[in-house]
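J.: I'd like to ask some things about the structure below.
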Amino acid sequence: MKVGIIMGSKSDLPVMQEAIDILKSFNIEVEVDIVSAHRTPEKLFDYGKNAHTRGFSVIIAGAGGAAHLPGMIASLSPLPIIGVPVKSSNSIDGWDSILSILQMPGGVPVATVALNGAKNAGILAAQIIGSSNPLVLDKIIQYKEELKAKVIASSKDLK
């Protein structure tokens, strides 16, 4: 079980680091790379067409601006793709990235998380893997119980 985490440029890494960190906390192997839809299209095609042969279960793709990376990978790969819209310096408050990833044509799905929502992308990838891996599923259940405990403790602190 391995998750591929790709992004359009190194400037996306601070956002995508949250996916890396949460997946590692679930003991899921990650492989991180920069794959630009616009600057390295040959690399994008190779990655998308061959990721399933390299042991990946899910791909998380983060991109800002026009944000073509998640959709292009989804057009090439049979794997589940999770898109992370990244608010970048050339972005229109992130809306261009959100809509570019969210509005995929029928037959080319990309699960899309919130703007800069890489942590949720990592959790969703773990849940996808957990649907067929009991060890990961147990870690997801434990994680959700810890979230619940934090909310209950915070509630008690208010009283």
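J.: Which value in deg cm²/dmol, rounded to the nearest 500, describes the helix-derived mean residue ellipticity at 222 nm for the chain, given -39,500 (n - 2.57) per DSSP H run of n ≥ 4 and division by the residue count?
T.: Per the formula, -15500 deg cm²/dmol.
J.: So which DSSP H runs in the chain come out at 24 Å plus along the axis (Cα) with average Kyte-Doolittle of at least -1.0?
T.: Length and hydropathy pass: 134-158.
J.: Separate question: Students often get this wrong, so try it: which of [x] 12, 40, 31, 13, 3, 0; [y] 10, 28, 21, 16, 12, 8, 4, 1, 0; [z] 11, 41, 40, 8, 0 is P(r) over Cα pairs in 10 Å bins from 0, in percent as calculated from the structure shown?
T.: For P(r) over Cα pairs in 10 Å bins from 0, in percent, the calculated option is [x].
J.: What shape does the stretch 1-83 take by its C-alpha gyration tensor, where a ≥ b ≥ c are the square roots of the eigenvalues and a/c under 1.5 counts as rounded, a/b above b/c as prolate, and the rest as oblate?
T.: It is oblate, given that a/c is not under 1.5 and a/b is not larger than b/c.
J.: While we're looking at this one, here's another question. Treating cross-link reach as a plain straight distance, find the lysines whose alpha-carbon is under 28 Å from the alpha-carbon of Lys49, omitting any fewer than eight places away in the same chain.
T.: Lys2, Lys10, Lys24, Lys87, Lys119
J.: Now for a different question. Under a Cβ-Cβ cut-off of 12 Å, what is the net charge of the residues other than Glu18 that fall near it, where Lys and Arg count +1 and Asp and Glu count -1?
T.: Charge balance near Glu18 sits at 0.
J.: Roughly speaking, what is the stretch gain from Lys144 to Asp93, that is 0.36 nm per residue apart minus the C-alpha to C-alpha distance, in nm to one decimal?
T.: 15.3 nm
No value in this document is a laboratory result; all are computed from the given coordinates. What you are looking at is a predicted structure, and each value in this text was computed from that prediction instead of being measured. No Cβ is skipped: glycine too gets one built from the backbone with ideal geometry, and neighbour counts run over all protein chains shown.
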